[in-house]
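*Asks:* Questions regarding the structure given below will be posed in turn.
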Amino acid sequence: MFTGCFGNENVKAVVSRFRCLAIALLAVLSLVAVASTTAQATEGGGGAYPNGAEDFMSGAVPPPGTYFINYFDYYSADKFADKNGNSAIPGFKLKVTADVLRFIHITDKKILGGFWGFHAFVPLMNVNVKTSTPLGNDSKTGLGDIIIDPFILSWHGKNWHAATGVDIYIPTGSYNKNDLANIGRNYWTFEPIVAGTYLTDNGFEASAKLMYDINTRNNDASLMAQGAKNYLSGQEFHLDYTLAKKIDNFSAGLTGYYYQQVTEDEANGVKVNDSKGKVFAFGPALKYDYKNMAFSLKYQFETAAENRPEGNNLWLKFVYAF
């Protein structure tokens, strides 16, 4: 949702990053769980938000203006973890490639002392799922679930930045309950967000973006819903974090995320026991600011996964300020 690349330096606000892609990304992860009789976190073990999308200056929305951000993400996993962290699906392999276009506009209007802005994400996805179970293999390419936020507010101080908003995930991606791989989730998600960044005078940075997902019901539940006519994925808390150091136009540091499902899933109105998922990830990240542009690269390792896939994430991002 938010993110920024401007601090005390003279670099023109380059900001924002994240998400969308895993909408579909984890939407796909979703239907893979099917094979096992073990409970899966959310519908298939994925969430709408692609965890780890945010990193440097994640609490710093850029100043008034128009911006374009391109996210490229490659996610691969060879394990779908059960509630104990053990492999739940024989021969499980997941590969997701996503290119996400984000358009953001920040106005000069202020509400509650913060600048008002809005944005939209358009994800293009390729998802490939393989198992050595009767489920077999499946692959899909196309438009994922679009994300919008018509009401972003951001505040800025000498050494700090803060932002809030509610991202809305629209079920625009293709979905078929009988398919193993799906690009869309077939339900809406509402995601309140609070993000903050603190940057010291000598360039040390601490950033975090906290999110809480509220999912609506899928009335055409997938294979993994285990025969349910409708499926309600549980509510989810997750955060992206970054600790970094900026030297001139370069930034380097540690980035990652923590995800924890808060409430149990419901199938046909009945709670699904042991369906809460969680995962933790960490990895190195680099960023380079150049005039009105920014380029970033990061690699994240997932660990301690439960009721969801466990893999690695490669991110490339380009930011352009008009």
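The values are calculated or read from the model by the stated rules, or taken from the named source; none is laboratory data. Just so it is clear, the model here is predicted, and its values are computed rather than measured. Every residue, glycine as well, gets a Cβ built from its backbone with ideal geometry; the counts of neighbours run over all protein chains shown.
Residues checked against (1) assigned to a strand (DSSP E or B); (2) small (Gly, Ala, Ser):
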position: ASP99; (1), (2): yes, no
position: VAL122; (1), (2): yes, no
position: THR133; (1), (2): no, no
position: SER154; (1), (2): yes, yes
position: ALA162; (1), (2): yes, yes
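*Asks:* Determine whether segment 213-226 contains at least one residue that is surrounded by fewer than 15 Cβ atoms within 10 Å (Cβ to Cβ) and among the small types (Gly, Ala, Ser).
*Replies:* no
*Asks:* Among the candidates VAL262, VAL279, VAL272, single out the residue that is touching a Lys or Arg at 6+ places or on another chain (Cβ under 7 Å) and under 25 Å from THR189 (Cα atoms).
*Replies:* VAL279
*Asks:* Okay, next question. Looking at segment 174-192, which of its residues are touching a strand residue (DSSP E or B) at 6+ places or on another chain (Cβ under 6 Å), part of a loop (DSSP other than H, G, I, E, B) and buried (at least 23 other Cβ atoms within 10 Å of the Cβ)?
*Replies:* Across segment 174-192, the qualifying residues are LEU180, ALA181, ILE183, ASN186, TYR187.
*Asks:* I've got another one for you. Those residues that are buried (at least 17 other Cβ atoms within 10 Å of the Cβ) and out of contact with any Asp or Glu (no Cβ under 9 Å at 6 or more places or on another chain), I need them from segment 287-298; list them, please.
*Replies:* Correct list: ALA294 only.
*Asks:* Additional query: Applying the selection to segment 97-140, what residues are closer than 29 Å to ILE152 by Cα, aliphatic (A, V, I, L, M) and surrounded by 15 or more Cβ atoms within 10 Å (Cβ to Cβ)?
*Replies:* Selection gives ALA98, VAL100, ILE104, ILE106, ALA120, VAL122, LEU124, MET125.
*Asks:* May I pose another question? Any residue at all in segment 267-281 that is free of Cβ contacts under 8 Å to residues at least 60 places away in the same chain and assigned to a loop (DSSP other than H, G, I, E, B)?
*Replies:* Within segment 267-281, one or more residues are free of Cβ contacts under 8 Å to residues at least 60 places away in the same chain and assigned to a loop (DSSP other than H, G, I, E, B).
*Asks:* Okay, moving on. Going through segment 102-127 one residue at a time, which ones are more than 17 Å from the chain's Cα centre (by Cα) and either of a type in the set (D, E, K, R) or within 26 Å of LYS140 (Cβ to Cβ) (or both)?
*Replies:* Hits for segment 102-127 are ASP108, LYS109, LYS110.
*Asks:* How many of the residues making up segment 244-266 are assigned to a strand (DSSP E or B) and either aliphatic (A, V, I, L, M) or without any contact (Cβ under 8 Å) to a residue 24 or more places away in the chain (or both)?
*Replies:* Going through segment 244-266 one residue at a time, the tally reaches 5.
*Asks:* Right, next: Return the residues of segment 175-197 that are in contact with a helix residue (DSSP H, G or I) (Cβ under 9 Å, 6 or more places away or on another chain) and among the small types (Gly, Ala, Ser); say none if nothing qualifies.
*Replies:* If the condition is that a residue be in contact with a helix residue (DSSP H, G or I) (Cβ under 9 Å, 6 or more places away or on another chain) and among the small types (Gly, Ala, Ser), then ALA181, GLY184 are the ones that fit.
*Asks:* Here is a follow-up. Going by the structure shown, is TYR241 without any contact (Cβ under 8 Å) to a residue 24 or more places away in the chain and either assigned to a loop (DSSP other than H, G, I, E, B) or surrounded by 15 or more Cβ atoms within 10 Å (Cβ to Cβ) (or both)?
*Replies:* It is false that TYR241 is without any contact (Cβ under 8 Å) to a residue 24 or more places away in the chain and either assigned to a loop (DSSP other than H, G, I, E, B) or surrounded by 15 or more Cβ atoms within 10 Å (Cβ to Cβ) (or both).
*Asks:* Being closer than 16 Å to PRO192 by Cβ and charged (D, E, K, R) is the filter here, so list the residues in segment 230-268 that pass it.
*Replies:* GLU236, ASP240, listed by residue number.
*Asks:* Considering segment 193-236 alone, what residues qualify as being in a strand (DSSP E or B) and at pLDDT below 95?
*Replies:* Hits for segment 193-236 are ARG217, ASN218, TYR231, LEU232.
*Asks:* A follow-up question, please. Only one residue in ASN273, ASN307, ASN268 is out of contact with any strand residue (DSSP E or B) (no Cβ under 9 Å at 6 or more places or on another chain) and under 19 Å from TYR231 (Cβ atoms). Which one?
*Replies:* ASN273
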